[in-house]
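Scroll down for the structure; my scribbles are underneath it.
The values are calculated or read from the model by the stated rules, or taken from the named source; none is laboratory data. Note that the structure is a prediction, hence the values are computed from the model and not measured. Because the Cβ atoms are built from the backbone with ideal geometry, glycine has one as well, and the counts that use them run over all protein chains shown.
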Amino acid sequence: MSESPRPSLLQKLAQGDKTALGEFYDLYSGLVNGMALRILRDVSEAEDVVQEVFLQAWRQAERYDPSRGSPEAWLCTMARTRALDRLRRRAARREDAPDAAPVPRLLPRNEEALAVRKALEGLSADQRRAVELAYYGGLTQSEIAEALGEPLGTIKTRIRTAMMRLREALGPTT
Amino acid sequence: MSALTEKELFELAPLAALGALDGEDQAAFARALPSQPRLQQELLAFERVVELLPLALQPVAPKLATRERVLSGPVPRAAPRPAPLVTWLAAAVAVLSLGSALLLREQRDAAQELLRAANEQAVWLAKDNRRLLLELDRASSIGHLITQPTLRWVSLAGQKGASGRALYDPSTREAYLLVAGLPKAPAGKAYEVWVIAGGAPTPAGTFQTDDMGQALVRLPALAPAARVKAFAVSLEDEWGVPAPTGPIVLSGDTN
């Protein structure tokens, strides 16, 4: 993810600057909410995740190290973990995802987002489905094979091929 | 189950980056990872790809109320209403019971919150740790190598400004190759290093260059008593070949 002045906003956050929290929220809440909504498909639950993620970011901002990744990656890691937790708890209760919530469409936000979208569109539908089941569904290779009714070896090859293509398209690779 | 080959482990790296490994694959990968710097590098490269995936999603603005909840922080507790004196004892029992239940629930929620935060932190730290170990390993090895009086180096040259330098120490058999100006290998291809020490060229690993056309490659220990005559780099299939078949893109001898 590209370099930006945003880490300095996180430094302000770490110093307890509530105005910075507002700015930080305005910058990234759409991304976090889109991510949570993509996983949970439930507006109310997704917004609970948004609240949890930003409060956690507020509490843990002093531990953020830009060399480990961008603020987007940091927030999305938190959002994904929390949303998948909720998804698994829901699955344990055998609840289905509500039908009414819209799933965000793939639309670019900037050049980098456009590149990711283009890379994903370069995959076959089967490849994209397998990667999405792993990333947004939190499923393992065996669970994906079972969900799609296909041999485990086929799924492993499909995901590997898809990831190699994404890596080639998005680089850097080393 | 027998140990997986390097190729099989590399094939698991993209699945590991997605968190999709399970069963014996997951166990084998976890066992091999700490001792294999190239595998760690491969995993990091795929983890970077995974980090980019959510950028393709359309941002969806949350409701304004969510912003207000975030900015106001944790919701303050309502102050308890004073109970009439006559019902004090009964109320006290009820409050104590309710208080205990609330306290337990609060403690459970706090514990779950801590666990979640610890898990997320662990993911970041593990990734960071792998990156730092790789950098430390390279830095300390190169630092050690270049201070050795027995250090030797060979300049490699190629077309269109590509160049390289092999650093090696015959006494310790350590060797590194630094490369610049080599374009990224086409899909399914990789650069392969060759050490020429008299007989047929010996393969010394494959590598990819970054966006700047650069690479720093730690080579396998040189053969004992080998008197290196030359280093070369050719473009080969992704997993390398036992003898060079593709075009030589860099070469240099020790004379």
Members of segment B:141-161 that are polar (S, T, N, Q), closer than 13 Å to B:THR172 by Cβ and not in a loop (DSSP other than H, G, I, E, B):
B:SER141
Picked from segment B:202-229 (must be more than 14 Å from chain A (Cβ to nearest Cβ) and buried (at least 20 other Cβ atoms within 10 Å of the Cβ)), the residue modelled with the lowest pLDDT is B:LEU222
Could you tell me whether segment A:136-154 includes any residue that is of a type in the set (Ser, Thr, Tyr), within 19 Å of the chain's Cα centre (by Cα) and facing chain B (nearest Cβ under 9 Å)?
yes
Does B:LEU177 satisfy the condition of being modelled with pLDDT under 80, among the aliphatic types (A, V, I, L, M) and surrounded by 13 or more Cβ atoms within 10 Å (Cβ to Cβ)?
no
Determine which member of the set B:GLN58, B:GLN40, B:GLN36 is of a type outside the set (A, V, I, L, M, F, W, C) and surrounded by fewer than 17 Cβ atoms within 10 Å (Cβ to Cβ).
B:GLN36
So which residues in segment B:230-255 are surrounded by fewer than 15 Cβ atoms within 10 Å (Cβ to Cβ) and charged (D, E, K, R)?
B:ASP237, B:ASP253
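Out of A:ARG109, A:ARG80, A:ARG94, report the one residue that is of a type in the set (Lys, Arg) and either assigned to a helix (DSSP H, G or I) or modelled with pLDDT of 90 or more (or both). Give the derivation first.
Details: A:ARG109 fails: either assigned to a helix (DSSP H, G or I) or modelled with pLDDT of 90 or more (or both); A:ARG94 fails: either assigned to a helix (DSSP H, G or I) or modelled with pLDDT of 90 or more (or both).
On inspection, the qualifying residue turns out to be A:ARG80.
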Among B:GLN41, B:GLN26, B:GLN58, which is the only one that is at the interface with chain A (Cβ under 9 Å from one of its Cβ atoms) and in contact (Cβ under 8 Å) with a residue 40 or more places away in the chain?
B:GLN41
Subset of segment A:112-135 [touching a Ser or Thr at 6+ places or on another chain (Cβ under 9 Å), modelled with pLDDT of 90 or more and within 9 Å of chain B (Cβ to nearest Cβ)]:
A:ALA134
Do we have B:ALA223 as assigned to a loop (DSSP other than H, G, I, E, B) and hydrophobic (A, V, I, L, M, F, W, C) here?
yes
Going through B:LEU104, B:LEU57, B:LEU125, B:LEU115 one at a time, which residue ends up being modelled with pLDDT of 75 or more and either closer than 25 Å to A:MET35 by Cα or not aliphatic (A, V, I, L, M) (or both)?
B:LEU57
Within segment A:123-164, can you find the residues that are closer than 24 Å to A:LEU37 by Cα, in a loop (DSSP other than H, G, I, E, B) and of a type in the set (Gly, Ala, Ser)?
A:SER124, A:GLY137, A:GLY138
